[in-house]
1. Determine which single condition residue 217 fails, assuming it passes every other condition in (1) in a helix (DSSP H, G or I); (2) under 17 Å from residue 162 (Cβ atoms); (3) touching a residue at least 24 places away in the same chain (Cβ under 8 Å).
2. For residue 167, are the conditions met, namely being touching a residue at least 24 places away in the same chain (Cβ under 8 Å), touching a Ser or Thr at 6+ places or on another chain (Cβ under 6 Å) and more than 16 Å from the ligand (Cβ to nearest atom)?
3. Any chance the range 246-255 includes a residue that's open to solvent by less than 60 Å² (accessible area, probe 1.4 Å), outside any strand (DSSP E or B) and closer than 30 Å to residue 40 by Cα?
4. For the range 82-110, give me each residue that is of a type in the set (Phe, Trp, Tyr) and open to solvent by less than 30 Å² (accessible area, probe 1.4 Å).
5. Would you mind telling me which numbered condition in (1) touching a residue at least 40 places away in the same chain (Cβ under 8 Å); (2) farther than 21 Å from residue 261 by Cα; (3) open to solvent by 20 Å² or more (accessible area, probe 1.4 Å); (4) away from the ligand (no atom under 16 Å from the Cβ) residue 206 fails?
6. If we keep just the residues of the range 183-201 that are at pLDDT 95 or above and hydrophobic (A, V, I, L, M, F, W, C), which is farthest from the ligand (Cβ to nearest atom)?
7. When residues of the range 39-70 are filtered for being at pLDDT 95 or above and in contact with a strand residue (DSSP E or B) (Cβ under 7 Å, 6 or more places away or on another chain), how many remain?
8. Return the total of residues in the range 57-81 being open to solvent by 10 Å² or more (accessible area, probe 1.4 Å) and within 21 Å of residue 282 (Cα to Cα).
Amino acid sequence: VKRPRLPRRDPELGGIEAGGTKFVCAIGRGPGDLRAREEFPTTTPAETLARAAEFFRRRGGVESIGIACFGPVDLHPGSPTYGFITSTPKEGWRNVDVVGAIRKGTGVAAIGFDTDVNGAALAEARWGAARGVDSFIYLTVGTGIGGGAMIEGRLLHGRMHPEMGHIRIPRDAASDAFGGVCPWHGDCLEGLASGMAMRKRWGCPAEELPAGHPGWAMERHYLALGLVSFICTLSPRRIVVGGGVAQRLDFEGLREEVRRVLNGYLEEPDIVSPGLTGNAGVLGALALAGKVKA
Ligand SMILES: [Zn+2]
């Protein structure tokens with residue numbers, strides 16, 4: 001029996017982009033429907049989380065809230081520290097119960113929680129450059145480097161969550177004496193190719209490095225080495241590369257370098273820019289809110 005479909009709008013969702021520098025809170029249903037939005041700097045956990053909870057309390061009416069959070073975070077539902085930021089280098093934010101504070105502060109029980117990059121991946125899958133693609137990677141190349149993966153329609157978590165920025169990268173010390181900026185690994189991918197690495201290596205931020213500067217060829221080379229590792233381990237159909245440094249990247253040059261490193265063994269997947277530009281982070285949080293049941 002065919003039942004008539006009642007006109008029904010998607011529920012109103014809340015999103016928190018919890019970043020190391022700023023928090024963005026919003027209410028809405030997607031990119032075309034963001035009604036309330038507020039951003040403020042990340043200060044102490046108590047002050048920042050109270051301010052985020054206040055935002056939703058004041059407006060009311062959201063069925064669920066998604067939090068796309070900087071990390072590392074504990075995403076394991078059975079764990080006593082589920083919903084916590086765990087071992088972050090960010091001062092004062094170690095072992096902070098983010099989900100608990102928002103749940104308590106807003107009275108909203110349904111809270112979706114994931115890494116900022118998994119949130120961004122989910123938003124790209126719903127509304128952006130990965131629509132209709134069941135297996136893809138979202139990589140952000142900004143101040144740091146992070147990656148989220150959706151494999152066969154599911155966000156990849158495993159024991160914790162992937163930390164794609166910290167894979168080891170072969171570096172030829174004869175042609176590149178710069179030892180990298182990662183406090184844990186030195187010359188991992190983030191240590192060599194993040195915005196922070198570019199600034200330290202070349203003495204100016206990536207945005208100011210001219211297009212033909214050798215730093216860009218080196219950047220494409222290191223990113224290609226990273227992407228090839230992800231291609232060989234996760235077999236993505238597409239790779240979305242976002243973030244501040246990626247905005248200045250020559251994508252055709254990057255694809256070429258990936259092909260050169262793969263050396264004909266595999267065909268490279270699509271390598272594309274994000275479909276969502278403004279509000280990408282908080283849209284990721286809204287997408288996470290849409291995944292939890294109220
Ligand atoms: Zn590292």
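The values are calculated or read from the model by the stated rules, or taken from the named source; none is laboratory data. The structure presented is a predicted model; accordingly, all values stated were derived computationally and were not measured. Every residue, glycine as well, gets a Cβ built from its backbone with ideal geometry; the counts of neighbours run over all protein chains shown. Side chains are part of the model used for accessible areas, which takes the heavy atoms of the whole protein and leaves out ligands, DNA and RNA. Shrake-Rupley method; radii C 1.70, N 1.55, O 1.52, S 1.80 Å.
1. The one condition residue 217 does not meet is (2).
2. So residue 167 fails the test.
3. yes
4. Passing the criteria: only 93.
5. It is condition (3) that residue 206 fails.
6. Here the residue is 198.
7. Adding up the residues that qualify gives 16.
8. 12
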